[in-house]
1. Could you give the nm distance between label points at K447 and K343, where each point is 7 Å from its Cα heading toward the beta carbon?
2. Cut-off under 16 Å on the C-alpha distance; same-chain residues fewer than 8 positions from K446 excluded. Which lysines are left, in chain and number order?
3. What distance in nm separates the two pseudo spin-label positions at E425 and E66, each 7 Å out from Cα along the beta-carbon direction?
4. Would you order F404, F243 from fewest to most other beta-carbon atoms within 10 Å of each residue's own beta-carbon?
5. For the chain, find the longest principal axis of its Cα atoms and tell me its angle to the long axis of helix 141-154, 0 to 90°, nearest 10.
6. Measure out, as a whole number of angstrom, how far apart the alpha-carbon centroids of the stretch 185-226 and the stretch 412-476 sit.
7. So how strong a dipole does the stretch 130-287 carry about its Cα centre when Lys and Arg Cβ are +1 and Asp and Glu Cβ are -1, to the nearest 20 debye?
8. How about K362: which aspartates and glutamates have a C-alpha closer than 17 Å to its C-alpha, ignoring those fewer than 8 places off in the same chain?
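All of the numbers you see were taken from the coordinates with simple rules; none came from a lab. As the structure is a prediction and not an experimental result, all values here were calculated from the model. Virtual Cβ from ideal backbone geometry, glycine too; neighbours counted across all protein chains shown.
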Amino acid sequence: MSTEMSRRSFLKAGTAAAVGLSVAPATMLGKAKKKPLVMDRKLRILGVGIGGRGAADLKAMEEEVEIIGLCDVDWKYAEHVFERYPAAKRYNDYRVMFDELLDKVDAVVIATADHTHAIIAAQAMAAGKHVYCEKPLTLTVYEARLLTKLAAKHQVATQMGNQGSSGAGTRQAIEWLWNGEIGEVRRVDCFTDRPIWPQGLEKPELVEPIPSTLNWDAFIGPAPMRDYNSIYTPWNFRGWWDFGTGAMGDMACHIMHVPFKGLKLGYPIKVQASSTPVLTDCCPSAEMIKLTFPARENMPKLALPEVEVRWYDGGFKPERPEGLPEGVNLNIDGGCSIFYGTKDIMVVGCYGNRPYLLSGRKPEVPHVLREVTTSHQLDWVRACKEDPSIRVPSASDFSEAGPFVEMVDLGVAAVRLQALNQILEWDGEKMEFTNIPADATIKIMKKDGFSIKDGHPTFKKTYTDPVNAREFAAGLIKKQYREGYVLPDMPE
């Protein structure tokens, strides 16, 4: 009894003392303790989709992070990564890993097949976790807008895996633009030598047995279920509409970053596309896309009039600019962007590499962009450790990468809408096409049906039934997910 009373008396006295201290002047307490503004320990992370590009991302940051859990739907493909990080718990479904470990980590690294980027990133950010996500960030405009807003709402550090955005070439090209070195730009041509994976294919009819090391249901994720065929994964997923966005969705994230940031593009107002045959399931072999952007607010040394940005892939290339010497290959590390200015023409390689002016000048201009002195991945780790009040965003923070990828996803949607035979007008704020007639329909080729009979070519194309074009377009901007997969709500 006396012991209990003594404990109560102590707690009462201690509580009173604590209350007194809580209102005491700072001079009585000395220097008040403050929450550290920079994390003083290793970042605890989860890796989702680790067999391919994810392996390189994890390796680039492994000295600065603690890898708690690893997930890949294909354990054979990811075996080398599991072996590299034996202390990490292994999973083949990110949902199970999130249920068990998400509340124990600071951040998530995502390098899954493209169609699962958005849902994994969105769920991680909604839980307050920092996110590094490989490109393309999303398949649709809605997904990109959602990730942008979630990152802002939850004040998390983010980075898209377009590594060239952290490079010296990107900074140099943008600083040349902003200093007015090539003058006003009204046209930019971009191209890539991709695809280097299968495209232009009909849906395979062969149903193959699912490998014992593959969680096929988890690979399908939010996409419609389909039978397994080895043509889809690993790696080849990018050429199929349900899982990827083809050559533009993949490589525009590397090649069009300098145009987007350097010319402050924002939302386009018009888009049109053409390509080799568009099929129900597989991206076309080659594409040409034109996006028109309205005039933007001028910069101190650079006027920003209306500009057309053109995209070419699959062997299509832009015309060679006047003044480019014969024999010079415009393909720099996988493609390039060509800026037609009123004073000069600038060529910038894929990843922002090796920019040059056709005049031969090498301007010395003020350095106005932050120099990234570590890797693209480690710069994100740095941002994760900083308090939001002092955080310096990474080079491809979602505040920039999200709107950028909206532009890319819109171009991909236009490819699938080209049968409307019209220039599509776009309302970026509302995320909708504004000039598709209410009664317009669209049908898509299922089979080419080409054969030769008695020495003569025979064409027997088969198509889907006509569908309402407005509804089809809306589905390209905001996908319907398979049951069991739900995105967080769009923040205000």
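1. Placing both labels 7 Å beyond Cα along the Cβ direction yields 6.0 nm.
2. K203, K460, K461
3. My value for the distance between the label points is 5.7 nm.
4. Least crowded to most crowded, the residues run F243, F404.
5. 20 degrees
6. 19 Å
7. Approximately 760 debye in magnitude.
8. Cross-link targets: E175, E181, D344.
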